[in-house]
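The values are calculated or read from the model by the stated rules, or taken from the named source; none is laboratory data. Just so it is clear, the model here is predicted, and its values are computed rather than measured. Methodologically, a virtual Cβ is constructed for each residue, glycine included, from the backbone with ideal geometry; neighbour enumeration extends over all protein chains shown.
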Amino acid sequence: MAVTPVHAQEASNTEETPKTDTAPTVTVKGKKPLNRTDRQVYDVTKDPDHETATAEDTLKKIPGVNVDADGNVTIRGNQAKVLVNGRPWLMYVGDNRAAALRAMPSSMIASIEVISTPGAQYGSDGTGGIINIVTKRSLPPGWFASTTAQVSSNGAGMVNGAFQYNKDKLTVSAFANLADFRSESRSDFRLAQLAPDGRPFMATDTSNLSDFESRLGMVNGSADYQLDDNDSLSGQFSYLSSSGTGGGEGRTARSDATGAPIDLYDSASAFRFDNETQTLGLGWTRTGQTAGDALKVDLKVNRNTSTNRSDNLSDYSLSSVPENQGLRAQNSRNTSETTNAAFSIDYNKGLKSGEVTTGLQITHDDADNTNESSFLYTPGVETPALNPAFSNPFAYKQTISAAYATYQTMLGDHWVVLGGLRAEALEFESRDAATGAPVKIDYTNLNPSAFATYVISEQKKLRFNYSRRLQRPTAWDLNPTLRYGGAQQVSLGTPDLKPQETDSFEGSYEYAKDMISLSVRGYRLQNRKIISNVRTFIDDPQNAGNQVVQISRRNAGQSDQTGVQFDYRGQLKPNLSINVTLNVFEIDMTLPDMPDRSQVTVGSQIGLNYFSKKGHSVSVNLNSQGKQINDYGYMVGNTGVFATYNHALSPTLTLTVMAQDVFRTTKTKFVTETRDSRGLSYTTRQAPTISISLSRRFGSGYGPPKPKNKRH
């Protein structure tokens, strides 16, 4: 890993820091952070599975970061925004989140930046902070290529390829991925409806066995051309297609206060989804005569289409609704088309007293969605009856306009300070599908940020960070019509929902010398106007006798998360390194209709990395997360272990074996606790999963040195 000098690190807060060949470097093993003023930077190129893993695999090893099965990324348990090279990753959207992370090969990634308190130059959304994936951009002259093939014990497989070319003024990069992902799971669900005295008077128990298979194809290309000493042009294109099928079989029982069954049925389900995303980007950069001067203009356009269909068949052996006896079919279909355009101008000016950065960013979304949910019919009826309660169009337009300014300077010989302010205005337009009445939302937010670093010595630093963040409601949270989520669940949007506000404070002590680094961070997140769930029991809109919960959103209550995170990276022996992260935090939550709650949670990540001179390496990682409360209950803690074995068969050929969830300990367990309900949701997935990969590298710079021709 390369570590730039301390003062060079502190002098830059731009989103992309160019690397120079003349800067002195220190090379060590492991993921030692390359700290900058507002972020932790982890060099992932020394990971044993760097050539064969995916972005998802790599992120799971970063301290304080977690990735769930749907591709949602969190920092210390809070939702994070994912960027690539400092810009929004438009491929990482909606149902494509997991597919995008699995499609990007780790071999294209230079480092991962964790920005837990983002500054004013970044968009305000994402209360947990920002994960910035930095791809390899500074390439030596020549061409390079790699290809990887992987097979897994669950029948999944993957093939990817990467290509890089750099000559004179032109740099070209591209990668492609074809993958097949499979999983099997078992889920159990229980929900009890409580009387005012706290006793259950109705309960639903469901168990289900399901399987899932998805396929994805992705190609991404970029080109940079240096027009002259000051100007360069860049272009990017991406295409991702993912589709999946699945199904399951289960049994559902609804019982009364005495526990006697009043509804009992077996179910069979099948579903399919198809997603397609295309992205086109153009950029122009002009550097000035003075170091630090730069003007950057970017335009990206992204289009996403998706279709989801599910078919469900229930066989009632007992029903509280007489006409339900026997077979009953339920189908639903949802389609969406979204176009996103993002335009930005950023200007950086180096001054004698410091550095000024200003920028303008405009993002526009145009979406058209159609829900045709819950076709309800009985066998023998040729034309299914459309349930109007769940069938509605939902189209919207949303524009976010933002301007920001930051100023960074040194105070004396030890202090580096950075202050910023960001102004954002949102305009949202839609129509109520039921009444046709227009729905309009507009508001403006001012979000300040401040950073200060005290350089004690070349090895020691103190940091103090603050920023204000927002968690905006999704467009679906604003949709005021019913959406079908299953036989026991529907959702209803709230048009006047406002953003959740988060003030993030962080202070840290950091030490780095030779091959050892450690840091201790104290942090506090103050969340106000929480976007929380309202769970209400309603009569079954399908008239099928089910116990149905309606979920809507509101701005209510507050929460505070206060914690300490300890990170250590070091060498136990010259060929054995250890990474340890310990995160202890307390969450205090206050909601209007629930008793105040408090919970202390302990999370840890431990990694051991062994390197052999004969080309063998082994990495074992343990991730553990304790109990964590949310607005309607809590998530039970769990622990997972994954391991990687890597062997360089030759200078150009690498074998990698990965084992996920080695001890079958990773489980998802949610407990619902509200004034009128108690529930438990429990899911386990097929484990362990063993993957075997072969990676082959080509081009100049790979392989053993060529022998020199000898003269005779």
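Just a few scattered comments:
- A single entry from GLY244, GLY221 fulfils the requirement of being in contact with a Lys or Arg (Cβ under 8 Å, 6 or more places away or on another chain) and either within 23 Å of ARG186 (Cβ to Cβ) or modelled with pLDDT under 95 (or both): GLY244.
- Subset of region 524-551 (residues that are under 23 Å from the mean Cα position of the chain (by Cα) and under 21 Å from THR672 (Cα atoms)): ILE530, ILE531, SER532, ASN533
- Filter result for the condition that a residue is closer than 30 Å to ALA659 by Cα, surrounded by 15 or more Cβ atoms within 10 Å (Cβ to Cβ) and in contact with a strand residue (DSSP E or B) (Cβ under 7 Å, 6 or more places away or on another chain), over GLY557, GLY545, GLY607, GLY563: GLY607
- Test result for ASP442, in contact (Cβ under 8 Å) with a residue 24 or more places away in the chain, acidic (Asp, Glu) and surrounded by fewer than 20 Cβ atoms within 10 Å (Cβ to Cβ): no
- Restricting region 207-252 to residues that are surrounded by fewer than 17 Cβ atoms within 10 Å (Cβ to Cβ) and among the aliphatic types (A, V, I, L, M) leaves a set whose member that is nearest to GLN193 (Cα to Cα) is LEU209.
- Just one of the listed residues (PRO196, PRO140) is more than 29 Å from the chain's Cα centre (by Cα), over 30 Å from ASP256 (Cβ atoms) and not in a strand (DSSP E or B), namely PRO140.
- Taking region 408-432 as the range and being of a type in the set (Phe, Trp, Tyr) and surrounded by 19 or more Cβ atoms within 10 Å (Cβ to Cβ) as the test, only PHE428 passes.
Each row is one residue, and each column tells you yes or no for (1) farther than 30 Å from GLN526 by Cα; (2) in a strand (DSSP E or B).
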{"residue": "ALA98", "(1), (2)": "no, no"}
{"residue": "ILE133", "(1), (2)": "no, yes"}
{"residue": "THR148", "(1), (2)": "yes, yes"}
{"residue": "GLY155", "(1), (2)": "yes, no"}
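- Every residue from region 316-356 that is over 32 Å from the mean Cα position of the chain (by Cα) and either at pLDDT 90 or above or hydroxyl-bearing (Ser, Thr, Tyr) (or both): TYR316, SER317, LEU318, SER319, SER320, LYS349, SER353
- Screening the candidates VAL548, VAL455, VAL520 for the property of being of a type in the set (A, V, I, L, M, F, W, C) and within 30 Å of SER391 (Cα to Cα) yields one hit, VAL548.
- Residue match in region 305-317 (condition: touching a residue at least 24 places away in the same chain (Cβ under 8 Å), touching a Pro at 6+ places or on another chain (Cβ under 7 Å) and surrounded by 19 or more Cβ atoms within 10 Å (Cβ to Cβ)): no
- Among residues of region 77-112 being basic (Lys, Arg) and modelled with pLDDT under 85, the one that is nearest to LYS296 (Cα to Cα) is ARG87.
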